[in-house]
Amino acid sequence: EPEVTQTPSHQVTQMGQEVILRCVPISNHLYFYWYRQILGQKVEFLVSFYNNEISEKSEIFDDQFSVERPDGSNFTLKIRSTKLEDSAMYFCASSKREWPAYSGANVLTFGAGSRLTVL
Amino acid sequence: GENVEQHPSTLSVQEGDSAVIKCTYSDSASNYFPWYKQELGKRPQLIIDIRSNVGEKKDQRIAVTLNKTAKHFSLHITETQPEDSAVYFCAASSGGGADGLTFGKGTHLIIQP
């Protein structure tokens with residue numbers, strides 16, 4: 001079964017450092033997402049990406065965050081200057097969406113996550 | 001934006017009994033409602049979903065019901081087994097464009113042997 005793969009599985013960084021989390025979505029998927037889950041809390045939407053641009057972003061996704069699809073396979077999340085509160089599990093997800101659009105299904109497949117620890 | 005409320009936060013049931021988890025949503029435009037199961041330290045995994053054009057969907061021991069008028073949906077697990085122990089998240093999406101899912105806060109389901 002196709003999977004969304006994420007690297008690294010765990011990253012420890014110092015406050016103020018830049019971090020890049022990488023994701024390889026499922027190959028025939030068109031929509032890509034980043035979610036965040038602080039330990040013991042709910043999964044929170046950060047950003048969605050389609051056709052090489054951001055489609056939607058949440059209040060969490062401020063100027064410190066950026067996403068990029070540098071080539072045909074990778075989808076990256078960059079945190080420019082990490083803060084202690086950025087410590088969380090970051091999940092990448094992808095979907096191919098079902099058509100017609102009004103069918104309303106947006107079936108996401110999640111990666112295994114990248115745990116970010118900011119010291 | 002969408003707001004999803006989920007109850008209870010913790011649910012403990014005896015093995016073999018049924019478990020029910022309830023969610024409400026605020027955005028009447030939402031039309032897709034998936035449920036995810038997350039085991040400790042692992043990724044959320046889709047277990048069942050329902051679209052707004054149906055009121056109920058069943059897959060073996062798992063069922064989901066949707067009441068669009070009241071804006072609530074529920075997950076029902078029958079004949080619970082120890083491997084059902086996990087955190088369950090409901091979510092909602094309007095399904096338009098590349099909308100992200102809005103998740104509830106999760107329910108920690110504990111199956112007592």
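The values are calculated or read from the model by the stated rules, or taken from the named source; none is laboratory data. Owing to the predicted nature of the structure, the values given are computational and were not obtained by experimental measurement. In this analysis, Cβ positions are derived from the backbone assuming ideal geometry, glycine residues included, and neighbour counts consider all displayed protein chains.
Quickly run through the range B:41-58 and pick out the residues that are in contact (Cβ under 8 Å) with a residue 12 or more places away in the chain and over 17 Å from B:His72 (Cα atoms).
B:Pro44, B:Leu46, B:Ile47
For the range A:38-75, which positions are touching a residue at least 24 places away in the same chain (Cβ under 8 Å) and touching a Gly at 6+ places or on another chain (Cβ under 6 Å)?
A:Ser55
Identify all residues within the range B:5-35 that are modelled with pLDDT under 95 and facing chain A (nearest Cβ under 9 Å); write none if there are none.
Residues satisfying the conditions are B:Ser30, B:Asn31, B:Tyr32, B:Pro34.
Would you confirm whether or not the range B:79-88 contains a residue that is in contact with a Ser or Thr (Cβ under 7 Å, 6 or more places away or on another chain), surrounded by 14 or more Cβ atoms within 10 Å (Cβ to Cβ) and acidic (Asp, Glu)?
Looking for residues that are in contact with a Ser or Thr (Cβ under 7 Å, 6 or more places away or on another chain), surrounded by 14 or more Cβ atoms within 10 Å (Cβ to Cβ) and acidic (Asp, Glu), one finds none in the range B:79-88, hence no.
So which strands (runs of 3 or more DSSP E) stay within the range B:1-82 end to end and still have 3 or more residues that are closer than 30 Å to A:Thr7 by Cα? First the steps, then the outcome.
On the way: elements: B:4-7, B:10-14, B:19-25, B:32-38, B:45-51, B:56-59, B:62-67, B:72-77.
Counting at least 3 such residues, we get B:32-38, B:45-51.
Under 24 Å from A:Ser95 (Cβ atoms), away from chain A (no Cβ under 14 Å) and out of contact with any His (no Cβ under 8 Å at 6 or more places or on another chain), is that true of B:Lys71?
Values: under 24 Å from A:Ser95 (Cβ atoms): yes; away from chain A (no Cβ under 14 Å): yes; out of contact with any His (no Cβ under 8 Å at 6 or more places or on another chain): yes.
Taking the combined requirement at face value, the residue satisfies it.
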